[in-house]
Every structure is written in structure tokens, then in C-alpha cells.
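Have a look at the structure below before the remarks.
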């Protein structure tokens, strides 16, 4: 028996013992292959054939509360057939998952999402099937889905954030398996409200839409997220008010997937000049508004080139405010000096 084969058998035997006598601490994890036995160590990495370092660490705490909790490692890394395994291929998010979509009883797939993106303003190909100019700048799935955020419901804080023991008790009336109850509860409650607050959404969009190079290269005109921050909505978002609209609320038709974001030149887009008021007239925002209400430029930057009227108006008030306050502050300062030094005089030259 070769030394390499003996080493492999030793590793497999060790993993078998661990799997049988030291189960994972999280009973709801999909890591049935116990991949975290190795991948739970933060320093785990390797240098690939191109000389780049690949980080192989998986944060177990984040994984166990992420949207992929029920997905087995082999569900995405389909080329892993043995342990220890060879270097894996890049994950294809369009493969059919082992999870069954309950309403259709078919295996789940992100292909529908991919079809939405291909028809959106972020598609790498135009409507004629030709590559767009600078297509490498266009976002991929991971540009937006960079972090498996989990924001539990905020109004249950007496015991644990986002966990209602009363709600779990009602689940247990019909459902007997505890792992199913926890998974289903987390799945539903995290979708009853925003998955990210407006500031998080704006930060993701700003990576491209506030990049001066990309703005100029794609002729976007303005820094969209910067100008959003200058509006009432953006200022309210900075105070962590989650009731204000974010980028997705205004750029996606109500009730549709956020992946169906269309160009403002498309007549089917909510941002089309004749449809913009529909975004504002949402029942949660300004119901009953007219087209005139949404006729202003949301993403106008108040500079001399784009908005000369607003620029001079703003400049006038800056000068007016400074011209009023600065002399007043000078008078107050001189009055304070007089009160502190009532007998002080400025010597005169003889």
C-alpha cells in the first residue's frame, strides 16, 4: 500500500469517527457531510495555479442563519465526490438545487432570476443579443448578494431578537419536527420586512453608481446614490428611518422581482417619465399623487452644469446665511470681550 493511499484511508477513518461521536453543535445545519470539520478554521486557504490565494474558511455562525441553511454543501459543489476532495470548480448558481419548491413540487433553480436579469438594465447583452460596451462593468449576482444578511423581526425583543416563543408554540400544534419549525419560522419571518435597510441598499448601489469612472464610461450623468443622499429620503435614511423608499422601491415595478429593473427609457419601467408617479403613489408612500408630483429631478446634482437655477439659488442662501450670521457672531464676540474686560481700552497713538 502506497503512503498516499494509507494517508487517505487514515483521514477517512478519522472523519468517520468524528461524524459518529462528535456531531455538529447546530442541529439545524445542512452540513451532513461535516465539511465544517475542516472549513471552520479561519486560516484555511490555498494558493491556486495562478498564484492567487483562495480563502476556504466558512463562517459556521453566519451559514447557520443564512438563506442557504437547508442547502447541502454538495448541492452547490456538485463536483465533490470524495474526501479529501480535489480543488473544486466555480459554483454555478443556475444548477437545480436539491430543495423542492413546495408550490410546484419541483426542484428549485435560480434560472428564473437569471432570465429576469438578462432582460433588465444590468444585462450583459443588449436586446439584439450583442455584448454591451464595457460589459465587464455590469454587476453579477455576487456584486449585490455579497453577504448573507439575516435581520430578525425587531418587535420581538423580550426573549431573543426576532424569536417569538408564542409563535413557535402555534407552529408546534401541527408540526412535530423541531428542525422544520425553526427553519420555516426563520424563512417566513425574515421575508415579512426589508432584508436590508435603505442605507445598506444605497451602499451596494453606490459601488457602481457613485464610481466616477463608471458614471462617465456608461454616460450615467449623475452620481445616483450621492444625489439620493441629498434628498429628503436620503437624509431620513441616514437617521435610520426604514420607512423611506430606497433605490429598489423606486426603480422596480411594485410587486415584481428586484431583478426586473428596466431602463428609464423603457416604457414598461416604473422610472419611465410617464410612469414615475406610480412609484410615488404607492399606498405606503403618497397615495393619490399625480404625474406633476413626480416631475422633479430626483437625481439632480446641484452644480452649475446640470442645475444652474438650483446652483445659484443654493449659492445665494449660503451667502445670505454667512452674511447674516458672521457679523452677528462678531458682535457677540466683541460684546463678550467687553463683559470680560470692562476697563480695557485700545491705546491711541500720540
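What follows draws every value from the coordinates through simple rules; no lab data is involved. What you see is a predicted model, and the numbers here were worked out from it, not measured in a lab. Cβ: placed from backbone, ideal geometry, glycine included. Neighbour counts: every protein chain shown.
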- Sorted by Cβ density within 10 Å, fewest first, the residues 256, 136: 136, 256
- Note on the structure: The exposure ranking of 37, 326, fewest beta-carbon neighbours within 10 Å first, is 326, 37
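Given R₀ = 56 Å, FRET efficiency for residue 179-residue 314 by Cβ-Cβ distance, to 0.05? Walk me through the numbers before you get to the answer.
Values: r = 58 Å, r/R0 = 1.04.
Computed FRET efficiency for residue 179 and residue 314: 0.45.
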- Query: Kirkwood Rh over Cα pairs of the range 262-304 into Stokes-Einstein at 25 °C, 0.890 mPa s: D in µm²/s?
  - Reply: 221 µm²/s
- Protection proxy (average C-beta count within 10 Å per residue), highest first, orders 218-226, 100-108, 245-253 as 245-253, 218-226, 100-108
- Item | Taking the range 196-302 and dividing mean pair separation by its residue count, relative contact order in percent (alpha carbons under 8 Å, at least six apart) | 22 percent
- Task: Give me the distance between the Cα centres of the range 35-56 and the range 108-141, rounded to whole Å.
- Result: 30 Å
- Message: Need one word for the range 308-350: rounded, prolate or oblate. Basis is the Cα gyration tensor (sqrt eigenvalues a ≥ b ≥ c); a/c below 1.5 gives rounded, then a/b vs b/c decides.
- Response: oblate
- Message: Can you give me the distance in nm between label points at residue 168 and residue 79, each placed 7 Å from the Cα along the Cα-to-Cβ direction?
- Response: 4.1 nm
- From fewest to most C-beta neighbours within 10 Å, the residues 299, 286 line up as 286, 299
